[in-house]
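Colleague: There's a structure below that I have some questions on.
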Amino acid sequence: MPDFAYIARDVQGKRVSGTVSASSEREAVAVLSGQSLFPLQVQTSQALPSWRRKKRVGGQQLATLYSQLSALLRSGVPLLRALEVLKNQSSNVRLQEVLDDVRDRVEDGANLSEAMKQHELVFGELAVSMVRAGSEGGFLEDSLARIAQFTEQQEDLKSRTLGALAYPIFLAVVGAVVVFGLLIFFVPNFGQIFEQMRDEGQLPAITEWLMWTSETLQKYGIFIALAICAAFIYGRNRLATPSGRRWADGWKIRLPIMGNIFLSLAVARFCRVLGTLLHNGVPILRSLEISQDAAGNRVLSEAVEQASENITSGDSLATPLSSSGHFPNTVVEMIAVAEESNTLDSVLVDIADGLEKQTSRRLDLAVRLLEPIMLLILAGIVLFVVIALLLPIFKMSSTI
């Protein structure tokens, strides 16, 4: 049964809150009344605390879940029983709640993908799309096994990237602390020394700029920090909207160096899902509808949606993908040849394999280059501060 979060008052008038299991909201109210509670608000637990809705489950736990669910279904275990077994075996409380709700929705007649879509922040768009395709095409076990493989690959890539980024991030944090410490506590000590030169207009421009920056941080540092926090919160909420996410997806693929990596990963996901669907006999229009969400990029999804419309009018897949300008020429050419030879499903999977290997090498190289770049930036900032402070001293000594 689903859980309902409630806010109520007891017989003493004290405000209490919690959750109660019931088959409907009316039953939840009846249960609370039986406990001598006066309900003020009763909602499904998915609708109340936003922090619980947004909390994610670890990728490795999800990969294990998909793999075990696939194995249970292959062994002939019914879906409802398999979900119940996995819920009882899970040690993650959040995952237990999600599986319990998924099971209840499936028991009420919903499709597994529809039940998972209610927890898309946990499972992700790719998993929901693949499960939907597997349910419609009759290869749910294979879809779950492939999702488990995808998730494990993504977790491995994430762990390797985070491990490689640990030192550059450490340098960035230490560098920021050092620079702000110099500007706020060290540079102001030179203010009185340079005051006469400043009044006479003989202070070098870079020193003048450094002193102005230091004074600004001292006077308005708190307000600047609050403004940055407010901008961050606004940006995060803005990116949660469809238009904001589309803007972010378009901006990501236009970034220097990293843009090609984001684009290649999105194209690889699209090609792999589309190839898998076609291989299992799903019609191409339905496959495109499902795989466009699996790309994880709204700009690419719109390009694929346009391609679906062109295919309906009789065009090939390669032509609209090429005109969108977001798919690499080599990928488009391979798709065009595959369409002519009727091997589109296998070629798409090969394209995905090649793009993922190529992207992995590019990502490793980009991370390796990041460390010396951070060192150069930090050294350049410190050198700028030192030069800005030494130039007036050299000028005073030469005058003397």
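Colleague: Contact list please: Cβ distance under 7 Å, first residue in region 255-284 and touching a residue at least 40 places away in the same chain (Cβ under 8 Å), second residue acidic (Asp, Glu) and in a helix (DSSP H, G or I), pairs at least six apart or on different chains.
Modeller: Final answer for the pair search is Ala268/Glu356; Gly275/Asp345; Leu278/Asp345; His279/Asp345; Val282/Glu136.
Colleague: Here's something else I'd like to know. Counting just the residues of region 346-400 that are crowded, with 16+ Cβ neighbours inside 10 Å and of a type in the set (S, T, N, Q), which one comes out modelled with the lowest pLDDT?
Modeller: The qualifying residue modelled with the lowest pLDDT is Ser360.
Colleague: Determine which single condition Gly109 fails, assuming it passes every other condition in (1) modelled with pLDDT under 90; (2) at negative phi; (3) surrounded by fewer than 21 Cβ atoms within 10 Å (Cβ to Cβ).
Modeller: (2)
Residues checked against (1) among the basic types (Lys, Arg); (2) under 20 Å from Leu263 (Cα atoms); (3) buried (at least 19 other Cβ atoms within 10 Å of the Cβ):
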{"site": "Gly275", "(1), (2), (3)": "no, yes, yes"}
{"site": "Leu278", "(1), (2), (3)": "no, no, yes"}
{"site": "Ala295", "(1), (2), (3)": "no, yes, yes"}
{"site": "Leu300", "(1), (2), (3)": "no, yes, yes"}
{"site": "Glu309", "(1), (2), (3)": "no, no, no"}
{"site": "Thr312", "(1), (2), (3)": "no, no, no"}
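Colleague: Return yes when Phe194 is over 30 Å from Ala294 (Cβ atoms) and either touching a Phe, Trp or Tyr at 6+ places or on another chain (Cβ under 8 Å) or surrounded by fewer than 15 Cβ atoms within 10 Å (Cβ to Cβ) (or both) and no when it is not.
Modeller: Numbers: over 30 Å from Ala294 (Cβ atoms): yes; either touching a Phe, Trp or Tyr at 6+ places or on another chain (Cβ under 8 Å) or surrounded by fewer than 15 Cβ atoms within 10 Å (Cβ to Cβ) (or both): no.
Criteria not met by Phe194.
Colleague: Taking Ser291, is it in a helix (DSSP H, G or I), in contact with a Phe, Trp or Tyr (Cβ under 7 Å, 6 or more places away or on another chain), crowded, with 22+ Cβ neighbours inside 10 Å and modelled with pLDDT under 85? Reasoning before the result, please.
Modeller: On the way: in a helix (DSSP H, G or I): yes; in contact with a Phe, Trp or Tyr (Cβ under 7 Å, 6 or more places away or on another chain): yes; crowded, with 22+ Cβ neighbours inside 10 Å: yes; modelled with pLDDT under 85: yes.
Yes; evaluated as a whole, the condition is true for this residue.
Colleague: Which fully enclosed helices (runs of 4 or more DSSP H) of region 75-166 have 2 or more residues being within 23 Å of the chain's Cα centre (by Cα)?
Modeller: Numbers: elements: 79-89, 93-107, 112-117, 120-123, 125-137.
Output list reads 93-107, 112-117, 120-123, 125-137.
Colleague: Kindly list, by first and then second residue, each pair from a residue in region 222-236 that is in the same structural domain as Phe180 (by TED's automatic domain parsing) to a residue that is modelled with pLDDT under 90 and surrounded by 10 or more Cβ atoms within 10 Å (Cβ to Cβ), limited to pairs with Cβ atoms under 9 Å and residues at least 6 apart or on different chains.
Modeller: Once the first residue is in the same structural domain as Phe180 (by TED's automatic domain parsing) and sits in region 222-236, its partners that are modelled with pLDDT under 90 and surrounded by 10 or more Cβ atoms within 10 Å (Cβ to Cβ) give Ile224/Thr216; Ile224/Leu217; Gly235/Gly244.
Colleague: Just to verify a result, which residue in region 249-280, among those that are part of a loop (DSSP other than H, G, I, E, B) and farther than 18 Å from Asp350 by Cα, is modelled with the lowest pLDDT? First the steps, then the outcome.
Modeller: Pass one, region 249-280, residues part of a loop (DSSP other than H, G, I, E, B): 253-257, 280.
Right, trim to farther than 18 Å from Asp350 by Cα and you get 253-257.
Numbers: Ile253: 84, Arg254: 85, Leu255: 83, Pro256: 81, Ile257: 76.
In this case the residue turns out to be Ile257.
Colleague: If you go through region 144-169, how many residues are more than 19 Å from Thr359 (Cα to Cα) and touching a residue at least 60 places away in the same chain (Cβ under 8 Å)?
Modeller: Applying the first criterion (more than 19 Å from Thr359 (Cα to Cα)) to region 144-169 yields 144-148, 166-169.
Among the residues that remain, those that are also touching a residue at least 60 places away in the same chain (Cβ under 8 Å) are: 144-148, 167-168.
Within region 144-169, residues that are more than 19 Å from Thr359 (Cα to Cα) and touching a residue at least 60 places away in the same chain (Cβ under 8 Å) number 7.
Colleague: Whether any residue in region 152-172 is buried (at least 21 other Cβ atoms within 10 Å of the Cβ) and out of contact with any Asp or Glu (no Cβ under 9 Å at 6 or more places or on another chain) is what I want to check.
Modeller: Looking for residues that are buried (at least 21 other Cβ atoms within 10 Å of the Cβ) and out of contact with any Asp or Glu (no Cβ under 9 Å at 6 or more places or on another chain), one finds none in region 152-172, hence no.
Colleague: Next question, about the same structure. Would you pick out the residues in region 218-264 that are polar (S, T, N, Q) and under 25 Å from Ser360 (Cβ atoms)?
Modeller: Asn260, Ser264
Colleague: Just a yes or no: is a residue in region 176-187 under 15 Å from Ile393 (Cα atoms) and assigned to a helix (DSSP H, G or I)? Even if it seems obvious, please write down each step before you answer.
Modeller: First pass over region 176-187, keeping only residues under 15 Å from Ile393 (Cα atoms): 187.
Filter again for assigned to a helix (DSSP H, G or I), leaving 187.
Yes, there is a match, as at least one residue in region 176-187 is under 15 Å from Ile393 (Cα atoms) and assigned to a helix (DSSP H, G or I).
Colleague: Taking the stated definitions as given, is Ala71 small (Gly, Ala, Ser), surrounded by fewer than 16 Cβ atoms within 10 Å (Cβ to Cβ) and part of a helix (DSSP H, G or I)? Quick ask: steps written out before the conclusion?
Modeller: Details: small (Gly, Ala, Ser): yes; surrounded by fewer than 16 Cβ atoms within 10 Å (Cβ to Cβ): yes; part of a helix (DSSP H, G or I): yes.
So Ala71 fits the description; yes.
Colleague: Consider only pairs whose beta carbons are under 6 Å apart and that are at least six residues apart or on different chains; among these, list those whose first residue lies in region 82-110 and is under 11 Å from Leu65 (Cβ atoms) and whose second residue is of a type in the set (Gly, Ala, Ser) and at pLDDT 85 or above.
Modeller: Going by the 6 Å Cβ cut-off, the qualifying pairs are Val102/Ala115.
Colleague: Considering only region 121-149, state which residues are charged (D, E, K, R) and modelled with pLDDT under 80.
Modeller: Restricting attention to region 121-149, the residues satisfying the condition of being charged (D, E, K, R) are 125, 132, 136, 141-142, 146.
Glu125, Glu136 - these are the residues of region 121-149 that are charged (D, E, K, R) and modelled with pLDDT under 80.
Colleague: Return yes when Gly163 is over 19 Å from Leu288 (Cβ atoms) and not assigned by TED's automatic domain parsing to the domain that holds Thr276 and no when it is not. Full working, then the answer.
Modeller: Values: over 19 Å from Leu288 (Cβ atoms): yes; not assigned by TED's automatic domain parsing to the domain that holds Thr276: no.
Considered against the rule, which asks whether it is over 19 Å from Leu288 (Cβ atoms) and not assigned by TED's automatic domain parsing to the domain that holds Thr276, Gly163 comes out as no.
Colleague: What pairs come out if I take residues in region 199-217 that are in the same structural domain as Lys395 (by TED's automatic domain parsing) and pair them with residues that are aromatic (Phe, Trp, Tyr) whose C-beta lies under 6 Å away, six or more apart or interchain?
Modeller: Hits for this filter: Leu203/Phe194.
Colleague: Determine, yes or no, whether Gln192 is under 25 Å from the mean Cα position of the chain (by Cα), of a type outside the set (D, E, K, R) and either at pLDDT below 80 or not assigned by TED's automatic domain parsing to the domain that holds Phe262 (or both). If you could, list the steps in order and put the result at the bottom.
Modeller: Details: under 25 Å from the mean Cα position of the chain (by Cα): no; of a type outside the set (D, E, K, R): yes; either at pLDDT below 80 or not assigned by TED's automatic domain parsing to the domain that holds Phe262 (or both): yes.
It is false that Gln192 is under 25 Å from the mean Cα position of the chain (by Cα), of a type outside the set (D, E, K, R) and either at pLDDT below 80 or not assigned by TED's automatic domain parsing to the domain that holds Phe262 (or both).
Colleague: Hey, Gln41 hits all of (1) in contact with a Phe, Trp or Tyr (Cβ under 8 Å, 6 or more places away or on another chain); (2) modelled with pLDDT of 70 or more but one; which does it fall short on?
Modeller: Going through (1) in contact with a Phe, Trp or Tyr (Cβ under 8 Å, 6 or more places away or on another chain); (2) modelled with pLDDT of 70 or more one by one, Gln41 breaks only (2).
Colleague: If you don't mind, there's one more thing I want to ask. Please tell me if Ala47 is surrounded by fewer than 19 Cβ atoms within 10 Å (Cβ to Cβ) and at pLDDT 85 or above. Walk me through how you get there before you give the answer.
Modeller: Values: surrounded by fewer than 19 Cβ atoms within 10 Å (Cβ to Cβ): yes; at pLDDT 85 or above: no.
Taking the combined requirement at face value, the residue does not satisfy it.
Colleague: Determine if region 317-330 includes at least one residue that is at pLDDT below 80, at negative phi and in the same structural domain as Thr207 (by TED's automatic domain parsing).
Modeller: yes
The values are calculated or read from the model by the stated rules, or taken from the named source; none is laboratory data. Computed from a predicted model, the values in this text were never measured in an experiment. Neighbour counts are summed over all protein chains in view; Cβ atoms, including those assigned to glycine, are modelled from backbone coordinates with ideal geometry.
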